[in-house]
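Asker: Quick one: structure below, then a few questions.
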Amino acid sequence: MFLPSAARSQWVAASQTPGFNEDAFNRYCEAACRSKSGAVDQAAFAADVCGSKGGPAASSASAPSAAASHDGAISIILGKDLSVSAEPVPLSRVHQALGEPLKTEKSPHECDSAYEADNIKLLTYAHAAFESDGKTAVLRWADLGPSLGTLDFATKVPGSTLSFEAFKSSSGLKPMEIDASTLRVPTRKGASLESAYDLKYSKGQLTRIELWIGC
């Protein structure tokens with residue numbers, strides 16, 4: 001009742017679009033209910049919850065596109081219409097875009113898991129892998145290339161086309177050089193490196209991205 005509102009049908013439409021973040025929405029709901037106030041930064045709400053500048057009040061006609069990303073965040077675009085960031089996305093959306101995984105196994109990640117829960121699975125596809133709790137999924141790595149995946153940095157930088165040296169000087173994300181072929185960058189502009197993306201380069205070109213979480 002307290003958040004920027006619209007007809008329920010519009011909220012349902014927004015919740016089914018790429019970029020919608022249910023966890024972020026729930027955080028705003030809890031804060032609004034505790035304070036009994038609708039005082040909220042609507043631009044931040046739209047960026048955090050809907051991955052766009054439209055917000056939940058936008059009509060379905062103005063829903064974010066597949067390439068839309070959280071403001072200032074790195075998004076990875078896989079296939080034709082799957083756009084993911086470091087936040088969980090509905091597992092059904094992954095299945096819809098990529099089909100069934102080639103392999104499903106217990107996640108090898110422990111303290112560096114994207115989830116604080118038991119029975120987390122690692123779903124491996126031909127060119128990507130996700131951790132999943134059975135309802136949502138978080139990208140752990142993806143191969144990048146013209147027919148595989150691309151990056152959207154939401155910083156007006158064509159990240160997937162930048163060479164190793166050009167990215168260090170041009171991205172605005174203050175990358176940390178891990179070794180001669182790896183740059184570590186925050187998952188969103190201005191964030192810490194407690195969780196980050198490792199950008200893997202081969203012959204100076206970006207070929208892979210991996211989610212890194214500090215233990």
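Asker: Which entries in the list K121/K203; K103/K200; K135/K189; K135/K203 go over 31 Å, if you measure between the two C-alpha atoms of each? Display every interim value, and only then the final one.
Answerer: Values: K121/K203 33 Å; K103/K200 23 Å; K135/K189 28 Å; K135/K203 38 Å.
Correct reply: K121/K203; K135/K203.
Asker: Of the listed peptides 79-92, 107-120, what is their order by residue-averaged count of other C-beta atoms within 10 Å, with the highest listed first? Write down the numbers at each step before the final one.
Answerer: Values: 79-92: 18.5, 107-120: 13.4.
Result, highest mean Cβ count within 10 Å first: 79-92, 107-120.
Asker: For S107, enumerate residues with amide H under 5 Å from its amide H, sequence gap 5+ or separate chain, H modeled in the peptide plane.
Answerer: Under 5 Å from the amide H of S107 lie the amide H atoms of I120, K121, L122, each far enough along the sequence or on another chain.
Asker: How large is ³J(HN,Hα) for each residue in the range 129-138, as worked out from phi by the Karplus curve 6.51 cos²θ - 1.76 cosθ + 1.60 (θ = phi - 60°), to whole Hz, x for Gly and Pro?
Answerer: After applying 6.51 cos²θ - 1.76 cosθ + 1.60, I find 9, 10, 8, 8, 9, x, 10, 10, 8, 10 Hz.
Asker: Explain nothing, just compute: Karplus ³J(HN,Hα) = 6.51 cos²θ - 1.76 cosθ + 1.60, θ = phi - 60°, for every residue of the range 121-128 in order, whole Hz, x for Gly and Pro.
Answerer: So the J values, rounded to whole Hz, are 9, 10, 9, 10, 10, 4, 10, 6.
Asker: Here is a further query. List every residue whose amide H lies under 5 Å from the amide H of A128, counting only residues 5 or more places away in sequence or on a different chain, with H placed 1.01 Å from N in the peptide plane.
Answerer: Counting only residues 5 or more places away or on other chains, the set is D143.
Asker: What is the packing order of peptides 96-106, 122-132, taking the mean over residues of other C-beta atoms within 10 Å and listing the highest first?
Answerer: Packing proxy ranking, top to bottom: 122-132, 96-106.
Asker: Turning to a different aspect of this structure: Quick check: net charge around D112, other residues with Cβ under 15 Å of its Cβ, Lys/Arg +1 and Asp/Glu -1? Mind dumping the intermediate values first?
Answerer: Details: positive: K106, R140, R184; negative: E110, E116, E131, E194, D198, E210.
Overall, the nearby charge balance is -3.
Asker: Shifting gears a bit: Check which residues have an amide H placed less than 5 Å from A73's amide H, if you skip close sequence neighbours.
Answerer: HN-HN under 5 Å from A73: K189.
Values quoted throughout were computed directly from the atomic coordinates according to the rules given, and no laboratory measurement underlies them. All figures in this text were calculated on a predicted structure; none of them were measured in a lab. Note that we place each Cβ from the backbone using ideal geometry, even for glycine, and neighbour counts take in every protein chain shown.
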